[in-house]
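The values are calculated or read from the model by the stated rules, or taken from the named source; none is laboratory data. Everything numeric in this text was worked out from a predicted model, so none of it was measured. Cβ placement follows ideal geometry from the backbone for every residue including glycine, while neighbour counts extend to all protein chains displayed.
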Amino acid sequence: MAMIKKIIIVEGISDKKRVEEVLNDHVHIICTHGTMGVEKMDELLEEIFGSQVYVLVDQDKEGKKIRKWFKKYASESQHIYIDSTFSEVARCPRQYLANVLNYHGFIVKNDFVLKGKYRYHETHRNIERYIQAF
């Protein structure tokens with residue numbers, strides 16, 4: 001049985017580093033460097049063909065633009081959303097990001113997984129605690 005290659009699309013290098021910190025999975029991470037155009041999208045489509053694609057971008061104008069491109073040209077891609085409180089993937093607490101990625105089927109390092117009642121959507125109080133810890 002052939003393994004389907006997983007790819008995560010992120011905006012920048014700092015986002016890529018943050019995702020790599022929590023992942024314990026063989027995943028190819030591609031940076032868009034915050035920009036997207038027809039030529040760049042064509043290159044990406046060739047690179048991601050036949051792979052399972054996840055889009056994990058910031059909750060800002062550029063991130064929404066990138067999501068829009070992927071919804072239009074790679075509609076089979078899955079979109080991973082982070083809480084708007086953090087606004088950037090690079091600023092997400094590691095535990096929060098690990099739980100979000102774990103929820104979407106990625107293998108994450110055990111050091112970062114929160115056990116118990118905390119899942120994909122934490123309460124506002126827990127998010128504040130994350131922010132204060134980092």
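In the range 85-100, is there at least one residue being in a loop (DSSP other than H, G, I, E, B), modelled with pLDDT under 85 and not acidic (Asp, Glu)?
yes
If we scan the range 36-54, do we find a residue that is part of a loop (DSSP other than H, G, I, E, B), closer than 19 Å to LYS6 by Cα and within 12 Å of the chain's Cα centre (by Cα)?
Among the residues of the range 36-54, not one is part of a loop (DSSP other than H, G, I, E, B), closer than 19 Å to LYS6 by Cα and within 12 Å of the chain's Cα centre (by Cα), which makes the answer no.
Looking at (1) in contact with a strand residue (DSSP E or B) (Cβ under 7 Å, 6 or more places away or on another chain); (2) more than 17 Å from ARG67 (Cα to Cα), which is the one condition that is false for SER14?
Every condition holds for SER14 apart from (1).
Of the residues that sit in the range 34-59 and are in contact with a helix residue (DSSP H, G or I) (Cβ under 7 Å, 6 or more places away or on another chain) and at pLDDT below 90, which one is surrounded by the most Cβ atoms within 10 Å (Cβ to Cβ)?
MET36
Examine the range 111-122 for a residue that is surrounded by 18 or more Cβ atoms within 10 Å (Cβ to Cβ) and at pLDDT below 80, and state whether such a residue exists. Can you show your working first?
Start the filter on the range 111-122 by keeping residues that are surrounded by 18 or more Cβ atoms within 10 Å (Cβ to Cβ), which leaves 112, 122.
Remaining after also requiring at pLDDT below 80: 112, 122.
Within the range 111-122 (the criterion being surrounded by 18 or more Cβ atoms within 10 Å (Cβ to Cβ) and at pLDDT below 80), the answer is yes, since at least one residue qualifies.
Could you identify the single residue in GLY105, GLY63 that is within 16 Å of ILE7 (Cα to Cα) and among the small types (Gly, Ala, Ser)?
Details: GLY63 fails: within 16 Å of ILE7 (Cα to Cα).
Being within 16 Å of ILE7 (Cα to Cα) and among the small types (Gly, Ala, Ser) holds for just one of GLY105, GLY63, which is GLY105.
Here is a list of conditions, (1) surrounded by 16 or more Cβ atoms within 10 Å (Cβ to Cβ); (2) among the aromatic types (Phe, Trp, Tyr); (3) at pLDDT 90 or above; (4) within 15 Å of ASP15 (Cα to Cα), and PHE106 meets all of them except one; can you say which number that is?
Condition (4) is where PHE106 drops out.
Are any of the residues in the range 7-15 surrounded by 19 or more Cβ atoms within 10 Å (Cβ to Cβ), modelled with pLDDT under 90 and not in a loop (DSSP other than H, G, I, E, B)? Talk me through it step by step, then tell me what you get.
Narrowing the range 7-15 to residues surrounded by 19 or more Cβ atoms within 10 Å (Cβ to Cβ): 8-11, 15.
From what is left, the residues that are modelled with pLDDT under 90 are none.
No, the range 7-15 contains no residue that is surrounded by 19 or more Cβ atoms within 10 Å (Cβ to Cβ), modelled with pLDDT under 90 and not in a loop (DSSP other than H, G, I, E, B).
Pairs please, first residue from the range 27-45 and in contact (Cβ under 8 Å) with a residue 60 or more places away in the chain, second anywhere and of a type outside the set (Lys, Arg) and assigned to a loop (DSSP other than H, G, I, E, B), Cβ atoms under 7 Å, 6+ apart in sequence or on different chains.
These pairs meet every condition: VAL27/PHE106.
Of all residues being among the aliphatic types (A, V, I, L, M) and out of contact with any Phe, Trp or Tyr (no Cβ under 7 Å at 6 or more places or on another chain) in the range 37-70, which is farthest from TYR81 (Cα to Cα)? Just the residue, please.
Among them, the one singled out is VAL38.
If you take the residues of the range 60-78 that are touching a helix residue (DSSP H, G or I) at 6+ places or on another chain (Cβ under 8 Å) and in a helix (DSSP H, G or I), which of them is surrounded by the most Cβ atoms within 10 Å (Cβ to Cβ)? Break it down stepwise before answering.
As a first pass, look at the range 60-78 and keep what is touching a helix residue (DSSP H, G or I) at 6+ places or on another chain (Cβ under 8 Å): 69, 73-74, 77.
Now restrict to residues that are in a helix (DSSP H, G or I): 69, 73.
Working: TRP69: 19, TYR73: 14.
Restricting to residues being touching a helix residue (DSSP H, G or I) at 6+ places or on another chain (Cβ under 8 Å) and in a helix (DSSP H, G or I), the top hit is TRP69.
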